[in-house]
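Here's the structure we're looking at; comments come further down.
What follows is calculated from the coordinates using simple rules that are stated; it is not laboratory data. This is a predicted model, so every value here is computed, not measured.
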């Protein structure tokens with residue numbers, strides 16, 4: 001988490017700088033900080049006084065906010081449950097288990113993850129940053145545009161951001177409410193835009209924007225440094241909130257959307273989500289198949305080695321070894337090759353895993369085929385029969401030596417192909433969900 005590391009580095013540098021100063025220098029620093037903070041405190045106090053009439057009107061209009069506290073409570077409940085649950089918060093598998101968004105799982109029947117992912121956070125700092133912004137924005141917007149509009153924009157934007165995350169990075173685990181909250185900033189700006197063109201019952205004062213600015217700056221800075229690859233999802237969510245807000249709050253004199261307008265916007269956002277989701281269906285989760293491929297060598301080789309040991313003691317024949325290869329080992333390798341070939345929708349990030357697995361299976365299948373053929377040649381050496389009885393001894397011996405050399409070359413090729421297959425197997429590692437990001 002670059003943002004966390006950056007904050008820790010600043011704290012360490014500040015502590016070292018502070019410890020290297022004298023008492024007098026520390027006193028001067030404290031006085032300077034107090035003086036520097038006096039003006040921001042005065043500005044904040046003045047903003048509060050200017051905002052009070054606006055906030056009083058909102059409270060009179062809607063006494064209790066319901067949706068925002070519920071959203072905050074759900075985020076907190078899930079996070080506390082994760083803390084006391086199994087697994088590390090930073091582990092992608094833990095996040096997926098709690099409902100985070102992961103392309104191969106989401107697009108194969110677990111679409112509900114698009115709704116649950118915004119309530120899953122990978123750490124305390126992103127939770128605090130997101131909930132601080134949500135509390136400030138939500139308590140105002142819920143009273144301006146209404147509960148239904150706030151909930152619809154929040155959920156729809158979160159779903160759309162999840163789809164954008166899958167499209168951009170299908171094997172990256174995404175979780176967090178930053179994209180859904182970005183849509184609320186778009187919704188707030190839409191309200192402000194309409195205030196410029198027509199009168200409203202509750203115009204948003206400039207002081208309210210100033211009051212929201214610190215949390216908005218913290219939200220922007222943190223997500224810029226910590227959620228780099230997912231900023232496109234947050235931007236799309238912001239635009240979605242802005243466009244939806246311009247439509248929902250277009251009513252003259254009142255930002256509460258009419259039922260028909262609310263229904264039309266909700267239907268449009270649902271249709272957009274479906275259009276985006278349809279091409280993403282069926283992203284392959286190659287991890288189970290790769291795990292089975294990695295397990296083949298550990299299952300088949302010990303069985304063959306045990307049979308080979310019995311053969312060296314005269315307890316079984318070379319023909320039996322060849323039968324074991326052709327009837328047990330090669331069919332298993334071929335079945336694995338067929339399953340790999342049948343995979344569809346393999347994400348770009350996992351295609352090299354599939355290619356390495358396919359190369360290993362191809363080479364290993366060929367090595368076993370050559371070994372089985374060599375064993376059958378050993379089991380049936382060239383013997384003198386009636387057809388060769390008339391041949392000179394030297395001629396027959398030359399033919400026998402040629403047959404022996406062919407057999408040895410075949411077994412040598414089997415060994416070489418086996419080594420090449422094991423090199424491909426060493427390159428193959430089980431893919432895991434990538435580092436979580438905050439959409």
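Structure summary
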| read-out | value |
| --- | --- |
| The range 253-300-the range 155-189 distance, computed between alpha-carbon centres (Å) | 12 Å |
| Globularity index of the range 202-346, i.e. its alpha-carbon radius of gyration over 2.2 N^0.38 Å | 2.13 |
| The range 65-186 pair-distance distribution - Cα-Cα, 5 Å bins, rounded % | 2, 12, 23, 23, 20, 13, 6, 2, 0 |
| Fully extended contour minus Cα-Cα distance, from residue 235 to residue 297, at 0.36 nm per residue | 17.6 nm |
